[in-house]
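Data first, discussion second: the structure below is written as structure tokens.
The values are calculated or read from the model by the stated rules, or taken from the named source; none is laboratory data. Please read all numbers here as calculations on a predicted model, not as lab measurements. As a convention, Cβ positions derive from the backbone with ideal geometry for all residues, glycine included, and neighbour counts pool all protein chains shown. Keep in mind that these areas ignore ligands, DNA and RNA; they rest on the heavy atoms of the full protein, side chains included. Shrake-Rupley method; radii C 1.70, N 1.55, O 1.52, S 1.80 Å.
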Amino acid sequence: EWVVQVDGGRAALRQLPSAIRRDPRVSLEANGRWFGQAVTRNLALELVRHPLMQTVDADDMLLPGALATAAAALVSEPDLALAFGRTWELESGHDVRPGKNLYRPGRIEPQVLLRDWERRGGSCSIVVASVMWRTVCVDAQGGWPATVAGMDVMLLLAVAATHPARCLDHDSYLYRAHPG
């Protein structure tokens with residue numbers, strides 16, 4: 001399934017390609033007005049039926065094999081709450097360089113991401129948008145928190161405080177960096 005939740009009016013849905021709008025595997029919803037990222041993601045979370053969930057920011061891209069690799073890791077280790085691979089950053093539309101990820105491939109025990117975040121002065125050690133989540137773990141935290149900024153990081157820290165994660169030996173996400 002693919003859940004698309006637009007933060008804004010229904011008119012934005014008409015901008016999506018007709019093949020996506022007609023595909024029965026795609027759920028298309030619009031908030032009706034602007035609510036912000038956390039509320040929009042939580043509205044989409046209510047529509048998710050699959051036990052695994054991959055979030056992707058609108059201007060970023062999953063790399064080939066990203067979904068299969070992360071899903072395989074989560075299926076093979078039922079105690080994992082999340083999995084993520086290597087991220088690449090696309091700058092100025094042309095230059096690609098390695099993205100933020102402090103971890104070697106392998107299991108990351110609970111509390112490690114939180115301790116690293118604290119040690120880095122509140123800077124997250126991965127690109128959270130690259131994470132595949134076990135849906136029940138996101139639900140258990142009440143979804144994305146209502147914070148002014150960093151709602152994805154706060155969710156990551158809450159989930160990873162009590163559940164292990166896995167850093168994958170796979171290039172999985174292309175993050176489009178913007179000036180500033």
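Would you check which residues across region 105-151 are small (Gly, Ala, Ser) and within 28 Å of Glu1 (Cβ to Cβ) and list them? Across region 105-151, the qualifying residues are Ala129, Ser130, Ala140, Gly142, Gly143, Ala146, Gly150.
Selection of region 126-180 for residues being of a type in the set (Val, Ile, Thr), under 15 Å from the mean Cα position of the chain (by Cα) and at pLDDT 95 or above yields Val131, Thr135, Val136, Val138, Val153, Val159. Residues in region 59-79: is at least one of a type in the set (Ser, Thr, Tyr) and touching a residue at least 24 places away in the same chain (Cβ under 8 Å)? Yes: region 59-79 contains one or more residues that are of a type in the set (Ser, Thr, Tyr) and touching a residue at least 24 places away in the same chain (Cβ under 8 Å). Does Gln37 qualify as being at pLDDT below 95, farther than 22 Å from Ile126 by Cβ and within 16 Å of the chain's Cα centre (by Cα)? Here the answer is no, as Gln37 does not meet what is asked. If only residues of region 134-157 that are open to solvent by 60 Å² or more (accessible area, probe 1.4 Å) and either in a helix (DSSP H, G or I) or of a type in the set (A, V, I, L, M, F, W, C) (or both) are counted, the one that is farthest from Leu67 (Cα to Cα) is Val148.
If you check Arg115, Arg97 for being modelled with pLDDT of 95 or more and either open to solvent by 40 Å² or more (accessible area, probe 1.4 Å) or more than 27 Å from Ala140 (Cβ to Cβ) (or both), only one passes: Arg115. Filtering region 20-46 to residues that are open to solvent by 60 Å² or more (accessible area, probe 1.4 Å) and either without any contact (Cβ under 8 Å) to a residue 60 or more places away in the chain or among the hydroxyl-bearing types (Ser, Thr, Tyr) (or both) leaves Arg21, Arg22, Pro24, Arg25, Glu29, Arg33, Trp34, Phe35, Leu43, Glu46.
For every residue, the table says whether it meets (1) outside any helix (DSSP H, G or I); (2) over 24 Å from Thr87 (Cα atoms).
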{"residue": "Val3", "(1), (2)": "yes, no"}
{"residue": "Leu13", "(1), (2)": "no, yes"}
{"residue": "Pro24", "(1), (2)": "yes, yes"}
{"residue": "Arg33", "(1), (2)": "yes, yes"}
{"residue": "Arg41", "(1), (2)": "no, no"}
{"residue": "Val56", "(1), (2)": "yes, no"}
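Restricting attention to region 158-172, which residues are open to solvent by 30 Å² or more (accessible area, probe 1.4 Å) and part of a loop (DSSP other than H, G, I, E, B)? Of everything in region 158-172, those that are open to solvent by 30 Å² or more (accessible area, probe 1.4 Å) and part of a loop (DSSP other than H, G, I, E, B) turn out to be Thr162, His163. The residues of region 91-105 that are closer than 21 Å to Leu168 by Cβ and over 19 Å from the mean Cα position of the chain (by Cα), listed by number, are Val96, Arg97, Arg104. The condition of being surrounded by 15 or more Cβ atoms within 10 Å (Cβ to Cβ) and in a helix (DSSP H, G or I) holds for only one of Ala68, Ala73, that being Ala73. Within region 53-62, the set of residues being open to solvent by 40 Å² or more (accessible area, probe 1.4 Å) and among the aliphatic types (A, V, I, L, M) comprises Val56, Ala58, Met61, Leu62. With respect to Tyr175, is the statement that it is of a type in the set (Phe, Trp, Tyr), closer than 21 Å to Gly36 by Cα and either open to solvent by less than 70 Å² (accessible area, probe 1.4 Å) or not in a helix (DSSP H, G or I) (or both) true? In short, yes.
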